[in-house]
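Below is one structure; the comments refer to it alone.
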Amino acid sequence: MRFAYADPPYLGCCAKYGHRHEAPYGCWNDVDTHRQLLHNLRDGYPDGWALSLGSNNQEEMLHLCRLVFGPNRVRNGGWLKPFAAYKPNVNPAYTWEPVIFNGGRKRDRTHPTIRDWHMENITLKKGLTGAKPMRFPDWILHLLGADFRQGDTIDDLFPGTNGVTLTFAERQSPATQLVLT
């Protein structure tokens with residue numbers, strides 16, 4: 001199976017990344033750029049994908065998902081942040097990030113149940129705004145049911161710190177076993 005994880009600049013946050021507009025996408029402040037990403041996920045990764053987004057644009061992104069995939073075709077998950085950066089005059093604080101996902105390997109009762117949420121503190125001093133914490137990529141892989149033993153691949157579409165790619169590579173090591181953390 002072929003999976004993807006996308007962690008693009010969130011809608012309205014393009015300036016935090018110097019307005020870099022890598023092909024084939026445009027400005028991430030533009031709703032149509034996110035729509036194009038959803039079309040690419042739908043067409044290029046029918047086995048499954050996960051997409052991180054900001055809690056302040058979840059409603060708009062779910063609306064786009066309904067337009068691209070139809071009603072009730074995606075699920076919501078969330079990264080919950082027990083420790084997060086609190087900003088002056090922002091109350092309530094942003095202490096979680098939604099993850100929309102679709103597809104994934106079907107599981108039965110013989111497989112461990114995966115939660116649709118992950119709790120882990122934010123990262124500090126990673127050198128990249130929005131860098132995900134150490135165990136987050138493992139949760140994404142479990143969420144999708146990615147399994148290297150069955151020949152699965154995962155494309156980290158916005159690699160940033162390469163967390164998903166490195167985590168999947170570690171799983172492919174003969175010394176590494178798939179253990180839920």
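The values are calculated or read from the model by the stated rules, or taken from the named source; none is laboratory data. Keep in mind it's a predicted model, so treat the numbers as computed, not measured. Glycine gets a Cβ as well: all are built from the backbone with ideal geometry, and neighbour counts include every protein chain shown.
Go through region 145-158 and count every residue that is in contact with a helix residue (DSSP H, G or I) (Cβ under 9 Å, 6 or more places away or on another chain), of a type outside the set (A, V, I, L, M, F, W, C) and surrounded by 14 or more Cβ atoms within 10 Å (Cβ to Cβ).
Matching residues across region 145-158 total 4.
Within region 125-144, work out how many residues are small (Gly, Ala, Ser) and in contact with a helix residue (DSSP H, G or I) (Cβ under 9 Å, 6 or more places away or on another chain). Full working, then the answer.
Looking only at region 125-144, we keep the residues that are small (Gly, Ala, Ser), and these are 127, 130-131.
Subset that is in contact with a helix residue (DSSP H, G or I) (Cβ under 9 Å, 6 or more places away or on another chain): 130-131.
Adding up the residues that qualify gives 2.
Kindly list the number of the only condition in (1) assigned to a loop (DSSP other than H, G, I, E, B); (2) within 18 Å of the chain's Cα centre (by Cα); (3) free of Cβ contacts under 8 Å to residues at least 24 places away in the same chain that fails for PRO71.
Single failed check for PRO71: (2).
Picking from TYR86, TYR25, which residue would you name as being surrounded by 12 or more Cβ atoms within 10 Å (Cβ to Cβ) and of a type in the set (Ser, Thr, Tyr)?
Working: TYR86 fails: surrounded by 12 or more Cβ atoms within 10 Å (Cβ to Cβ).
Exactly one residue qualifies, and that residue is TYR25.
Quick check: is even one residue across region 32-52 in contact with a Pro (Cβ under 9 Å, 6 or more places away or on another chain), in a helix (DSSP H, G or I) and within 19 Å of LEU144 (Cα to Cα)?
Yes: one or more hits.
Taking region 95-110 as the search range and keeping residues that are in a strand (DSSP E or B) and among the β-branched types (Val, Ile, Thr), which one is surrounded by the fewest Cβ atoms within 10 Å (Cβ to Cβ)?
Here the residue is ILE100.
Scan region 125-137 residue by residue and report those that are part of a loop (DSSP other than H, G, I, E, B), among the hydrophobic types (A, V, I, L, M, F, W, C) and either at pLDDT 80 or above or under 15 Å from the mean Cα position of the chain (by Cα) (or both).
Of everything in region 125-137, those that are part of a loop (DSSP other than H, G, I, E, B), among the hydrophobic types (A, V, I, L, M, F, W, C) and either at pLDDT 80 or above or under 15 Å from the mean Cα position of the chain (by Cα) (or both) turn out to be ALA131, MET134.
This table checks each residue for (1) touching a Pro at 6+ places or on another chain (Cβ under 8 Å); (2) more than 28 Å from GLY12 (Cβ to Cβ); (3) free of Cβ contacts under 8 Å to residues at least 60 places away in the same chain.
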{"site": "PRO88", "(1), (2), (3)": "no, no, yes"}
{"site": "PRO92", "(1), (2), (3)": "no, no, yes"}
{"site": "ILE100", "(1), (2), (3)": "no, no, yes"}
{"site": "GLY104", "(1), (2), (3)": "no, yes, no"}
{"site": "THR113", "(1), (2), (3)": "no, yes, yes"}
{"site": "ARG135", "(1), (2), (3)": "no, no, yes"}
{"site": "ASP138", "(1), (2), (3)": "no, yes, yes"}
{"site": "GLN150", "(1), (2), (3)": "no, yes, no"}
{"site": "ASP156", "(1), (2), (3)": "no, no, no"}
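For region 115-132, give me the residue count where each residue is in contact (Cβ under 8 Å) with a residue 40 or more places away in the chain and under 23 Å from TYR45 (Cβ atoms).
Going through region 115-132 one residue at a time, the tally reaches 5.
Give all pairs with beta carbons closer than 8 Å in which a residue from region 24-36 that is within 12 Å of LEU67 (Cα to Cα) meets a residue that is surrounded by fewer than 15 Cβ atoms within 10 Å (Cβ to Cβ) and at pLDDT 90 or above; count only pairs at least 6 apart in sequence or on separate chains.
Sorted first by the residue in region 24-36, then by its partner, the pairs are ARG35/LEU67.
Checking the structure you have, find out if any residue of region 90-99 is under 24 Å from ARG42 (Cα atoms) and not hydrophobic (A, V, I, L, M, F, W, C).
Within region 90-99, one or more residues are under 24 Å from ARG42 (Cα atoms) and not hydrophobic (A, V, I, L, M, F, W, C).
Give the residue that is surrounded by the most Cβ atoms within 10 Å (Cβ to Cβ), with candidates limited to residues of region 1-14 that are under 18 Å from SER55 (Cα atoms) and small (Gly, Ala, Ser).
Selected residue: ALA6.
Consider region 153-165. How many of its residues are touching a strand residue (DSSP E or B) at 6+ places or on another chain (Cβ under 9 Å) and over 15 Å from LEU143 (Cβ atoms)?
6
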